[in-house]
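Accompanying notes for the structure given below.
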Amino acid sequence: MRYKNILQIDDDYDDCDFFLEALEEVSATASYTAIHNPVQALQKLMCNEIHPDVIFLDINMPVMNGMELLVEMNKKGLIKDIPVIILSTSIPLDFATKLENLGATGYYIKPNDFGAMKTILQNCLGFYKN
(Lines give C-alpha, C1' and ligand atoms only; values in the text may rest on other atoms or scores of the structure.)
Protein backbone atom coordinates (compact mmCIF):
# COMPACT_ATOMS: atom_id res chain seq x y z
CA MET A 1 0.00 0.00 0.00
CA ARG A 2 1.48 3.33 -1.04
CA TYR A 3 -0.83 5.67 0.87
CA LYS A 4 -2.76 5.03 4.06
CA ASN A 5 -4.22 8.44 4.99
CA ILE A 6 -6.24 9.98 2.19
CA LEU A 7 -7.65 13.50 2.30
CA GLN A 8 -10.23 14.70 -0.19
CA ILE A 9 -10.92 18.42 -0.35
CA ASP A 10 -14.15 18.86 -2.27
CA ASP A 11 -17.29 20.89 -1.61
CA ASP A 12 -19.58 18.34 -3.30
CA TYR A 13 -20.87 15.82 -0.76
CA ASP A 14 -22.15 13.43 -3.43
CA ASP A 15 -18.77 13.37 -5.17
CA CYS A 16 -17.09 12.60 -1.84
CA ASP A 17 -19.52 9.75 -1.17
CA PHE A 18 -18.84 8.35 -4.65
CA PHE A 19 -15.09 8.62 -4.06
CA LEU A 20 -15.36 6.87 -0.69
CA GLU A 21 -17.44 4.02 -2.11
CA ALA A 22 -14.84 3.44 -4.81
CA LEU A 23 -12.01 3.69 -2.28
CA GLU A 24 -13.66 1.07 -0.07
CA GLU A 25 -13.77 -1.25 -3.09
CA VAL A 26 -10.04 -0.95 -3.74
CA SER A 27 -8.75 -0.82 -0.16
CA ALA A 28 -10.04 -2.16 3.13
CA THR A 29 -7.29 -0.43 5.10
CA ALA A 30 -7.15 3.14 3.83
CA SER A 31 -8.12 5.95 6.18
CA TYR A 32 -10.31 8.57 4.49
CA THR A 33 -11.11 12.15 5.46
CA ALA A 34 -13.26 14.55 3.47
CA ILE A 35 -13.19 18.28 4.11
CA HIS A 36 -15.78 20.27 2.20
CA ASN A 37 -14.47 23.74 2.98
CA PRO A 38 -11.03 24.54 1.51
CA VAL A 39 -10.35 27.29 4.07
CA GLN A 40 -11.02 24.80 6.88
CA ALA A 41 -8.76 22.25 5.16
CA LEU A 42 -5.94 24.82 4.99
CA GLN A 43 -6.34 25.62 8.68
CA LYS A 44 -6.31 21.95 9.68
CA LEU A 45 -3.19 21.33 7.60
CA MET A 46 -1.44 24.39 9.06
CA CYS A 47 -2.29 23.35 12.65
CA ASN A 48 -1.20 19.74 12.02
CA GLU A 49 -4.68 18.47 12.90
CA ILE A 50 -4.58 16.18 9.89
CA HIS A 51 -1.69 14.26 8.39
CA PRO A 52 -2.58 13.01 4.91
CA ASP A 53 -0.27 10.89 2.82
CA VAL A 54 -2.03 12.12 -0.33
CA ILE A 55 -4.57 14.85 -1.11
CA PHE A 56 -7.29 14.72 -3.75
CA LEU A 57 -8.27 18.29 -4.54
CA ASP A 58 -11.23 19.72 -6.44
CA ILE A 59 -10.69 22.88 -8.48
CA ASN A 60 -14.22 24.30 -8.66
CA MET A 61 -15.13 25.35 -5.12
CA PRO A 62 -16.65 28.53 -3.70
CA VAL A 63 -14.84 30.87 -1.28
CA MET A 64 -11.41 29.49 -2.27
CA ASN A 65 -10.94 27.40 -5.39
CA GLY A 66 -8.52 24.51 -5.63
CA MET A 67 -5.87 26.50 -7.45
CA GLU A 68 -5.92 29.21 -4.76
CA LEU A 69 -5.71 26.54 -2.08
CA LEU A 70 -2.77 24.91 -3.83
CA VAL A 71 -0.99 28.28 -3.97
CA GLU A 72 -1.54 28.81 -0.23
CA MET A 73 -0.42 25.29 0.66
CA ASN A 74 2.77 25.85 -1.34
CA LYS A 75 3.45 29.22 0.30
CA LYS A 76 3.25 27.59 3.71
CA GLY A 77 5.32 24.55 2.70
CA LEU A 78 2.45 22.22 3.56
CA ILE A 79 2.67 19.94 0.56
CA LYS A 80 6.35 19.57 -0.19
CA ASP A 81 6.15 15.90 0.86
CA ILE A 82 2.44 15.28 0.17
CA PRO A 83 1.30 14.40 -3.34
CA VAL A 84 -1.69 16.45 -4.50
CA ILE A 85 -3.88 14.93 -7.17
CA ILE A 86 -6.44 17.19 -8.81
CA LEU A 87 -9.83 15.51 -9.23
CA SER A 88 -12.29 17.96 -10.73
CA THR A 89 -15.31 18.07 -13.04
CA SER A 90 -13.40 20.31 -15.40
CA ILE A 91 -9.78 21.31 -15.77
CA PRO A 92 -9.19 24.10 -18.29
CA LEU A 93 -6.23 23.45 -20.57
CA ASP A 94 -4.41 26.54 -19.35
CA PHE A 95 -4.68 25.22 -15.76
CA ALA A 96 -2.77 22.00 -16.46
CA THR A 97 0.66 23.63 -16.66
CA LYS A 98 -0.13 25.97 -13.76
CA LEU A 99 -1.18 23.03 -11.60
CA GLU A 100 2.02 21.16 -12.38
CA ASN A 101 4.09 24.27 -11.60
CA LEU A 102 2.29 24.55 -8.26
CA GLY A 103 3.23 20.99 -7.38
CA ALA A 104 0.21 18.94 -8.39
CA THR A 105 1.28 15.34 -8.91
CA GLY A 106 -1.45 14.64 -11.44
CA TYR A 107 -4.92 15.59 -12.51
CA TYR A 108 -8.06 13.74 -13.54
CA ILE A 109 -11.55 14.66 -14.66
CA LYS A 110 -14.07 13.21 -12.20
CA PRO A 111 -15.64 10.17 -13.82
CA ASN A 112 -19.33 9.34 -13.61
CA ASP A 113 -18.56 5.65 -13.96
CA PHE A 114 -17.84 3.69 -10.78
CA GLY A 115 -15.36 1.39 -12.50
CA ALA A 116 -13.45 4.37 -13.88
CA MET A 117 -13.23 5.91 -10.40
CA LYS A 118 -11.88 2.63 -9.01
CA THR A 119 -9.28 2.53 -11.79
CA ILE A 120 -8.16 6.09 -11.03
CA LEU A 121 -7.77 5.22 -7.35
CA GLN A 122 -5.90 2.01 -8.09
CA ASN A 123 -3.52 3.84 -10.40
CA CYS A 124 -2.98 6.81 -8.08
CA LEU A 125 -2.79 4.96 -4.81
CA GLY A 126 -1.31 1.61 -5.77
CA PHE A 127 -4.18 -0.35 -4.17
CA TYR A 128 -5.07 -3.68 -5.65
CA LYS A 129 -7.58 -5.56 -3.56
CA ASN A 130 -7.12 -9.31 -3.67
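Ranking Tyr32, Phe114, Tyr13 by how far each Cα lies toward the positive end of the dipole of the chain (charges on Cβ) leaves Tyr32 at the top. Reported value for region 46-130: 118 Å³ per residue, from the convex hull of its C-alpha atoms. Rolling a 1.4 angstrom probe over the protein heavy atoms with all chains in place gives region 1-87 an accessible area of 48 Å² per residue. Restricting attention to the chain, the count of lysine pairs at 8 or more positions apart or across chains with alpha carbons under 25 Å apart stands at 19. For region 1-105, the alpha carbon convex hull comes to 98 Å³ per residue, rounded to a whole number. Rounded to the nearest 20, the size of the Cβ-charge dipole of region 1-124 about its Cα centre is 540 debye, with Lys and Arg at +1 and Asp and Glu at -1.
At the listed q of 0.14, 0.34 Å⁻¹, the Debye profile of region 6-49, built from one uniform point per Cα, gives log10 I(q)/I(0) equal to -0.35, -1.15. Apolar share of the accessible surface for region 28-81: 48 percent from carbon plus sulfur atoms, 1.4 Å probe.
Using R0 = 35 Å, the C-beta based FRET efficiency linking Asn74 and Glu21 works out to 0.70.
The values are calculated or read from the model by the stated rules, or taken from the named source; none is laboratory data. Quick caveat: nothing in here was measured; it's all calculated off a predicted structure. Every residue, glycine as well, gets a Cβ built from its backbone with ideal geometry; the counts of neighbours run over all protein chains shown. For the accessible areas, the whole protein counts, side chains as well, though only heavy atoms, and no ligand, DNA or RNA atoms are used. Shrake-Rupley method; radii C 1.70, N 1.55, O 1.52, S 1.80 Å.
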